[in-house]
1. Considering only residues that are modelled with pLDDT of 85 or more and surrounded by fewer than 16 Cβ atoms within 10 Å (Cβ to Cβ), look in region 657-673 and name the one that is farthest from residue 571 (Cα to Cα).
2. Return yes when residue 44 is over 30 Å from residue 375 (Cα atoms) and buried (at least 18 other Cβ atoms within 10 Å of the Cβ) and no when it is not.
3. With the requirement that a residue be in contact with a helix residue (DSSP H, G or I) (Cβ under 9 Å, 6 or more places away or on another chain) and at negative phi, what does region 99-110 give you?
4. Identify, from the list 305, 298, the residue that is farther than 30 Å from residue 227 by Cβ, free of Cβ contacts under 8 Å to residues at least 60 places away in the same chain and not assigned by TED's automatic domain parsing to the domain that holds residue 219.
5. Taking region 343-365 only, how many residues are more than 19 Å from residue 394 (Cα to Cα) and touching a residue at least 40 places away in the same chain (Cβ under 8 Å)?
6. Which residue pairs have Cβ atoms under 7 Å apart, sit 6 or more places apart or on different chains, and have a first residue in region 14-43 that is assigned to a loop (DSSP other than H, G, I, E, B) and a second that is surrounded by fewer than 20 Cβ atoms within 10 Å (Cβ to Cβ)?
7. Those residues that are on the phi < 0 side of the Ramachandran plot, part of a loop (DSSP other than H, G, I, E, B), touching a residue at least 40 places away in the same chain (Cβ under 8 Å) and surrounded by 17 or more Cβ atoms within 10 Å (Cβ to Cβ), I need them from region 111-138; list them, please.
8. Taking region 260-298, which residues are within 23 Å of residue 79 (Cα to Cα) and assigned to a loop (DSSP other than H, G, I, E, B)?
């Protein structure tokens with residue numbers, strides 16, 4: 001379950017911003033919710049069109065000098081990239097630019113089997129091919145050993161990267177990374193392709209020309225890498241999306257077409273996030289990243305169409321494999337529900353390592369807790385971690401670093417390689433670390449920019465939101481809190497995969513779509529009063545425009561979030577043997593409460609979702625409710641499916657002596673100890 005955070009923009013600040021920056025009050029409230037509170041900061045957000053001097057980035061002058069020398073001397077250059085959307089677009093941009101200069105240039109993108117970054121076999125191959133200068137894009141900042149090897153072989157190295165910088169820098173002619181501690185550049189959040197674009201700006205002495213030439217491809221990599229869309233990234237994506245509408249790159253043109261985006265139509269950052277970038281990434285996950293590079297380099301429409309079709313097929317394969325991993329993971333959980341009783345979910349299997357990260361993200365969203373998926377590959381295994389705000393995975397992996405061959409990532413997502421024989425030891429270490437450092441009840445946070453009122457839910461305000469584009473990481477599509485609407489009717493859509501609602505929202509009739517929940521699992525009924533966190537969009541049909549309301553999460557209006565999470569934390573503390581004895585009196589059910597929950601379950605012929613029982617039960621906190629389910633399971637009165645979070649009544653014969661429950665005995669012994 002999400003933990004909702006509802007921002008409340010200060011009215012006085014919003015009114016002042018609306019007046020000083022001359023923006024509509026609705027937009028002013030959104031800006032204040034996002035920390036933009038002055039006319040100056042609003043002007044930067046809306047009107048920033050200039051890039052800072054690329055030579056402010058440390059070593060940019062050295063990189064330009066080394067590359068120009070290699071071009072002038074006819075030295076062979078190899079651009080060394082990465083297998084994700086950022087790495088592939090970075091490779092394409094720099095390779096294409098150098099090729100247009102007349103340089104003798106090639107490119108190399110490692111496969112996932114080779115692993116991320118420079119590796120010695122690839123370096124040997126580049127040496128054999130006559131490479132004299134290697135330029136890394138979107139990698140290289142941690143390649144200490146590989147950089148020394150390049151030096152030993154008599155080649156030169158220029159590093160361009162955007163990942164966090166280690167204590168020691170690799171040996172190179174230049175190390176261009178805005179995150180260097182001695183870097184004085186103004187903007188630090190560039191993706192790898194953004195750093196490459198700044199390199200080309202430095203070499204050309206013309207920011208506008210570089211953006212015009214490569215902005216469309218740089219926008220794809222920037223969105224794909226999930227960097228913040230502020231500052232210079234905002235310029236890249238905004239202008240790149242505009243250029244993309246009539247892109248001259250045949251491969252990108254065909255990929256947009258295959259993604260259902262017509263040339264000449266408005267292209268949104270969300271189209272890149274959910275349609276274009278996954279297809280590019282699929283090449284590295286399920287095939288060869290060279291396929292995506294060859295798409296962007298396609299010399300003809302026929303070649304471009306063939307490569308685009310190949311990427312779509314790889315993406316379909318990726319989706320199938322992802323679904324298989326998730327289904328396999330859920331079967332492991334179903335067979336051993338105690339896996340979910342840990343503060344971090346750890347699952348081991350034999351799955352395609354290129355897909356486990358995506359599957360891990362799905363499981364975080366479903367179960368609301370950090371998880372680690374490990375795929376065994378003989379003597380070594382690979383793992384992916386996805387987390388909530390409660391656990392910094394970099395700190396976790398650093399604490400377990402002596403057991404790992406290699407690891408890396410960000411605060412909420414990381415990967416690692418480990419000897420298969422050390423997996424049990426690693427799991428014990430993870431359980432111990434999270435036991436001490438993670439709160440009992442983890443959860444994902446869902447933040448709404450502000451509450452929206454019935455009179456604000458109109459086409460005009462949704463149109464105004466276009467001024468905030470492009471949306472993406474750090475500037476997401478606004479989310480709004482809708483309070484106290486009444487469900488008038490509901491119906492299944494998309495063959496029951498989602499629910500359509502008609503609701504009364506303060507006297508206004510509103511159509512709402514719930515894409516994240518099936519009709520069969522939707523627990524709400526006509527007449528129920530609910531709250532929701534929603535996204536807004538415009539629907540155009542037969543010349544008429546109306547507001548579409550997409551539900552991100554929904555709850556009964558009477559739901560008390562603070563009580564729920566406090567009770568959930570108390571239950572998990574109890575399961576881990578750490579109980580606040582002052583709360584024990586609120587954890588043990590009485591017979592009336594047993595009967596109440598049993599009657600609710602008995603009154604339904606189908607399995608009930610826990611969300612539905614949570615609402616239907618009267619005045620029973622979540623901790624006590626889960627204790628009741630534990631006792632019912634103990635006596636075989638109910639069966640539960642933890643992967644679907646459902647409860648079903650089981651046939652029983654004879655009476656059950658609740659007082660003989662081991663669960664109750666454990667509770668009472670804890671209270672008396």
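The values are calculated or read from the model by the stated rules, or taken from the named source; none is laboratory data. Quick caveat, the model's predicted, so the values are computed rather than measured. So basically every Cβ, Gly included, is an ideal-geometry build from the backbone, and we count neighbours across all protein chains shown.
1. First, the residues of region 657-673 that are modelled with pLDDT of 85 or more: 657-665.
Filter again for surrounded by fewer than 16 Cβ atoms within 10 Å (Cβ to Cβ), leaving 657, 659-660, 662, 665.
Values: 657: 23, 659: 20, 660: 21, 662: 16, 665: 16 Å.
Taking the candidates together, the pick is 657.
2. Values: over 30 Å from residue 375 (Cα atoms): yes; buried (at least 18 other Cβ atoms within 10 Å of the Cβ): no.
Taking the combined requirement at face value, the residue does not satisfy it.
3. To start, the set of residues in region 99-110 that are in contact with a helix residue (DSSP H, G or I) (Cβ under 9 Å, 6 or more places away or on another chain) comprises 100-110.
Result: 100, 101, 103, 104, 105, 106, 107, 108, 109, 110.
4. Values: 298 fails: farther than 30 Å from residue 227 by Cβ.
Only one candidate qualifies: 305.
5. Number of matching residues: 7.
6. 24/18; 24/464; 36/45; 37/13
7. Of the residues in region 111-138, the ones on the phi < 0 side of the Ramachandran plot are 111-114, 116, 118-129, 131-137.
If we keep only those that are part of a loop (DSSP other than H, G, I, E, B) as well, we get 111-114, 116, 118-119, 129, 131-132.
Narrowing the set further to residues that are touching a residue at least 40 places away in the same chain (Cβ under 8 Å) leaves 111-112, 116, 129, 131-132.
112, 116, 131, 132, listed by residue number.
8. Listed by number, the residues that qualify are 287, 288, 289, 297, 298.
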